[in-house]
């Protein structure tokens, strides 16, 4: 049986979700502190996270999870669908979002898609110039220098690297890195690419990714 953590301060909504998802083991919390405690001490398979938890911001819980290298899928529940909010959540490592109000049927479909998402088919090691992508640990290495990327960002980079020398469109990234029930917000891919570039540049002085304006992104098979 799959287990879910619902972090939602609306007791009625939390109860409705729990009742609808009767086939799952469900843990409910209404605060950031409580959510962090359960996520660290229980083996949960997915987290449903409200962004407005009274006076608290649910994004702080997401930050804690990802800083602890807890890669449990997180589905954001929010009444705020502004670009900045959604992009920030995705940049921090969220796996998808739903805008309130939503149907329970769609919620369950998205949860099932996250839980049954097949792992990417990929080599353990991918070489790009003098950089090495370690797919088992989501690391990029050059000699003794190492960058640890978030899972989603590493999946984007590794997909580009496996197709080095070819322009990869945003739609190709969406189709191959995201599942059909958690397709990213329009600007999410650009946010992820920007974050990848910043981390690679700060450590290696290069980001290996070039932008083909109006088309997509490319990792070159040779230095340019």
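The values are calculated or read from the model by the stated rules, or taken from the named source; none is laboratory data. Please read all numbers here as calculations on a predicted model, not as lab measurements. A quick note on method: Cβ atoms are made from the backbone with ideal geometry, for glycine too, and the neighbour counts reach across all protein chains shown.
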Completion exercise
Restricted to region 175-184 and to residues being more than 12 Å from the chain's Cα centre (by Cα) and either under 17 Å from residue 85 (Cβ atoms) or surrounded by 15 or more Cβ atoms within 10 Å (Cβ to Cβ) (or both), the residue modelled with the highest pLDDT is 176
Practice task
For residue 67, state whether it is outside the structural domain of residue 195 (by TED's automatic domain parsing) and farther than 17 Å from residue 153 by Cβ.
Solution key: no
Handout entry: Residue check, residue 153 within 27 Å of residue 59 (Cα to Cα), assigned to a helix (DSSP H, G or I) and not assigned by TED's automatic domain parsing to the domain that holds residue 194
Key = no
Exercise for the section: Identify, by number, the condition in (1) buried (at least 21 other Cβ atoms within 10 Å of the Cβ); (2) modelled with pLDDT of 95 or more; (3) over 17 Å from residue 113 (Cα atoms) that residue 48 doesn't meet. Expected result: (3)
Practice task
Kindly list the number of the only condition in (1) in contact (Cβ under 8 Å) with a residue 60 or more places away in the chain; (2) part of a helix (DSSP H, G or I); (3) in the same structural domain as residue 215 (by TED's automatic domain parsing) that fails for residue 140.
Solution key: (2)
Exercise for the section: For residue 77, indicate whether it is crowded, with 18+ Cβ neighbours inside 10 Å, within 16 Å of the chain's Cα centre (by Cα), modelled with pLDDT of 85 or more and in a strand (DSSP E or B). Expected result: yes
Practice task
Please work out which residue is surrounded by the most Cβ atoms within 10 Å (Cβ to Cβ), limiting yourself to region 51-74 and to residues that are at pLDDT below 85 and within 21 Å of residue 177 (Cβ to Cβ).
Solution key: 66
Handout entry: region 1-30: number of residues that are surrounded by 15 or more Cβ atoms within 10 Å (Cβ to Cβ), out of contact with any helix residue (DSSP H, G or I) (no Cβ under 8 Å at 6 or more places or on another chain) and farther than 17 Å from residue 115 by Cβ
Key = 4
Exercise for the section: Could you grab me the full set of residues in region 96-110 that are in a strand (DSSP E or B), touching a residue at least 24 places away in the same chain (Cβ under 8 Å) and under 17 Å from residue 52 (Cβ atoms)? Expected result: 97
Handout entry: Residue in region 107-118 that is under 20 Å from the mean Cα position of the chain (by Cα), under 18 Å from residue 71 (Cβ atoms) and at pLDDT 90 or above present
Key = yes
Problem - Residue among 160, 133 that alone is part of a strand (DSSP E or B), more than 16 Å from the chain's Cα centre (by Cα) and assigned by TED's automatic domain parsing to the domain that holds residue 208 - result: 133
